[in-house]
Amino acid sequence: MERKGEDLLGKIDNAIDKGVDYLYEHQFPNGEFCCYYAPDDEMLEWCVPDSTVFPTSIIACCLLGIKELPKVSKMLSLTTGFLQYQMMGGGVWNYFTKWNPLFKYMPADLDDTAIASYFLRALEIDFPENSKIFYGSRNRKGLFYTWIVLRPTFNKDLNFWKITGRELKRPIHSSAFWLKYEVGRNDIDAVVNANTLFYLGLNEKTKPIINYLIGILTENKEAHSDKWYKNPFSIYYFVSRNYPNVQQLEPVKEMIVDRIYKQIDANGMFGTCAFENALAILTLINLRHTDFQLEIAVNQLLNIQSETGCWKRHIFFYAGPSKTVGWGSEEIITAFCIEALVSYKKALLIKPKA
């Protein structure tokens, strides 16, 4: 058994190295990673490059567990510069890069801001204090809005008005944004709240998020709880990241585990692709659930890695409920797969011997 474990660790290390090499070779000189938009989950019908901030932020977060590796350290350094340049006044971020034509019309949002802020904080990189922006973007129930926009509410934070006032420069185009992408100014989305909780931590102002997330899972509404993240595996993953530090999420642990285990295919893989399998592995590890089935899923992940070191691209999130178009890339999926293997390796090494 010990020899088998050593063999598996060796395969995992090799796969991680290959994945890191792939990302290292495919990161742009400015620190950005490639992302595409397409109309189908597998991104095979057609696929168009798009310059965005979020994919680079989430890829960098996935690599934090191995930030000491030389190539990863170089990638994260480039990413830091990229995010610092993309940061808007007040320490917030837009989904699109500043050179993307849509940047002018799309408002900043809490999801991009939470992920980018978490990454920079993890590396102890200074950036403007932005918690007031978050706390000023809540509804009456205490839940966090997706968008940082003008609302008829009292807010004493000058930065908030500077950030939100930019839509007054182009009122017609800004209004067209809400129609084109099937979103609303007062959207409340599950993953956005989960990521906000993950960044800000549990406190009196973030407490309402817990019952909100528990309610979604208890009522089995995860597939329709977010306009951007339409894959339930994404909901499970982002909620589970809070579990180690938020004991109040204990009631949903077994719900999530059970639903993931209902998605095992004939080969023992969770879901239908590397993307879903990686998110499932990460979710189970975050929830402190490990068993032999997890090892089978990890082996399946190893088996479907390409010779170049990447895993197949898949849409990560969509633009609106109709799922007309979504974004993804090999780089994003590869980063999640690397994070899954790194997390499993750490769980395997700290597991007590029988």
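The values are calculated or read from the model by the stated rules, or taken from the named source; none is laboratory data. Keep in mind that what you see is a predicted model, and the values were worked out from it rather than measured. With ideal geometry, Cβ positions are generated from the backbone for all residues, glycine too; neighbour counts draw on all protein chains shown.
Within the range 69-111, being in contact (Cβ under 8 Å) with a residue 60 or more places away in the chain, in contact with a Ser or Thr (Cβ under 8 Å, 6 or more places away or on another chain) and in a helix (DSSP H, G or I) holds for Leu110, Asp111. Kindly check whether there is at least one residue in the range 22-40 that is in a helix (DSSP H, G or I) and under 18 Å from the mean Cα position of the chain (by Cα). There is at least one residue in the range 22-40 that is in a helix (DSSP H, G or I) and under 18 Å from the mean Cα position of the chain (by Cα). Checking each residue in the range 212-229 for being surrounded by fewer than 22 Cβ atoms within 10 Å (Cβ to Cβ) and of a type outside the set (Gly, Ala, Ser) picks out Tyr212, Ile214, Ile216, Thr218, Glu219, Asn220, Lys221, His224.
In the set (1) surrounded by 17 or more Cβ atoms within 10 Å (Cβ to Cβ); (2) modelled with pLDDT of 95 or more, the condition left unmet by Tyr181 is number (2).
On the given criteria, is Ala340 part of a helix (DSSP H, G or I) and either at pLDDT 95 or above or surrounded by fewer than 18 Cβ atoms within 10 Å (Cβ to Cβ) (or both)? Give the steps one after another, and end with the answer.
Details: part of a helix (DSSP H, G or I): yes; either at pLDDT 95 or above or surrounded by fewer than 18 Cβ atoms within 10 Å (Cβ to Cβ) (or both): yes.
Criteria met by Ala340.
All of Thr290, Thr334, Thr283 fail the test of being in contact (Cβ under 8 Å) with a residue 40 or more places away in the chain, surrounded by fewer than 18 Cβ atoms within 10 Å (Cβ to Cβ) and of a type outside the set (Asp, Glu), apart from Thr290.
Filter the range 299-327 down to the residues that are over 13 Å from Asn231 (Cα atoms), assigned to a loop (DSSP other than H, G, I, E, B) and at pLDDT 95 or above and list them by number. The answer is Ile304, Gln305, Ser306, Glu307, Thr308, Gly309, Cys310, Trp311, Lys312, Arg313. Restricting attention to the range 189-211 and to residues that are among the hydrophobic types (A, V, I, L, M, F, W, C), in contact with a Phe, Trp or Tyr (Cβ under 7 Å, 6 or more places away or on another chain) and closer than 28 Å to Ala274 by Cβ, the residue that is surrounded by the fewest Cβ atoms within 10 Å (Cβ to Cβ) turns out to be Phe198.
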